[in-house]
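Trainee: Got a structure for you, written out below as structure tokens; questions coming shortly.
The values are calculated or read from the model by the stated rules, or taken from the named source; none is laboratory data. Predicted model, so just to flag it, every value in this text is computed and none were measured. So basically every Cβ, Gly included, is an ideal-geometry build from the backbone, and we count neighbours across all protein chains shown. Areas reflect the complete protein model, heavy atoms only, side chains present, ligands, DNA and RNA absent. Shrake-Rupley method; radii C 1.70, N 1.55, O 1.52, S 1.80 Å.
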Amino acid sequence: MASRNDSESWVGWVAFASFMMVLVGLFQAFVGLTAIVKDAFFVVTENVLVNVDVTRWGWVHLILGIVIVAAGIAVMQGKVWARTVGVLLALISAVANLAFVPYYPIWSIIVIVIDVVVMHALIVHGGELS
């Protein structure tokens, strides 16, 4: 039985990372719209890490989501610059969601985990998609 080339097996992970960038970007945009339109949707506890205006964070999530979707589409097309932008945006997304944990903890933790997977795939194996 012939073994698959290690490089070929990681193309799927990079494709997964680009798809997740698009998906997470769309989710970020929806969360941002929710925070902008109805900020009372998010419940804030008294012991928060960062106390910010929910509407402002909504705008951050909306803009970040749109940019992540654009970069995810460019990664699917094999653009070298998109991998760098994708890693930086995944890092920014992880930090933004760390500050958003008090408002929506489960969602924020899921997005942070996905961001870490995306960063790993793009940093270590990003060149294999092109």
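Trainee: Suppose we filter VAL54, VAL117 for residues that are more than 26 Å from VAL14 (Cα to Cα) and modelled with pLDDT under 90; which single one remains?
Mentor: From the options VAL54, VAL117, the qualifying one is VAL54.
Trainee: If you don't mind, another one. So which residues in the range 89-100 are over 15 Å from ILE66 (Cβ atoms) and open to solvent by 40 Å² or more (accessible area, probe 1.4 Å)?
Mentor: LEU91, VAL95, LEU98
Trainee: Let me ask something else. Only one residue in GLY58, GLY78 is at positive phi and surrounded by 14 or more Cβ atoms within 10 Å (Cβ to Cβ). Which one?
Mentor: GLY78
Trainee: Further, regarding this structure: Please give the number of the condition VAL111 fails out of (1) over 10 Å from the mean Cα position of the chain (by Cα); (2) open to solvent by less than 80 Å² (accessible area, probe 1.4 Å).
Mentor: (1)
Trainee: Is the range 23-40 home to any residue that is more than 13 Å from ASN97 (Cα to Cα), at pLDDT below 70 and among the hydrophobic types (A, V, I, L, M, F, W, C)?
Mentor: Within the range 23-40 (the criterion being more than 13 Å from ASN97 (Cα to Cα), at pLDDT below 70 and among the hydrophobic types (A, V, I, L, M, F, W, C)), the answer is yes, since at least one residue qualifies.
Trainee: Determine, yes or no, whether HIS125 is of a type outside the set (A, V, I, L, M, F, W, C), in contact with a helix residue (DSSP H, G or I) (Cβ under 9 Å, 6 or more places away or on another chain) and open to solvent by 80 Å² or more (accessible area, probe 1.4 Å).
Mentor: Criteria not met by HIS125.
Trainee: Could I ask something else about it? Can you tell me how many residues within the range 78-104 are modelled with pLDDT of 85 or more and touching a Leu at 6+ places or on another chain (Cβ under 6 Å)?
Mentor: Of the residues in the range 78-104, 3 are modelled with pLDDT of 85 or more and touching a Leu at 6+ places or on another chain (Cβ under 6 Å).
Trainee: When you scan the range 70-117, how many residues do you find that are in contact with a Ser or Thr (Cβ under 6 Å, 6 or more places away or on another chain) and either of a type in the set (Ser, Thr, Tyr) or in contact (Cβ under 8 Å) with a residue 24 or more places away in the chain (or both)?
Mentor: 8
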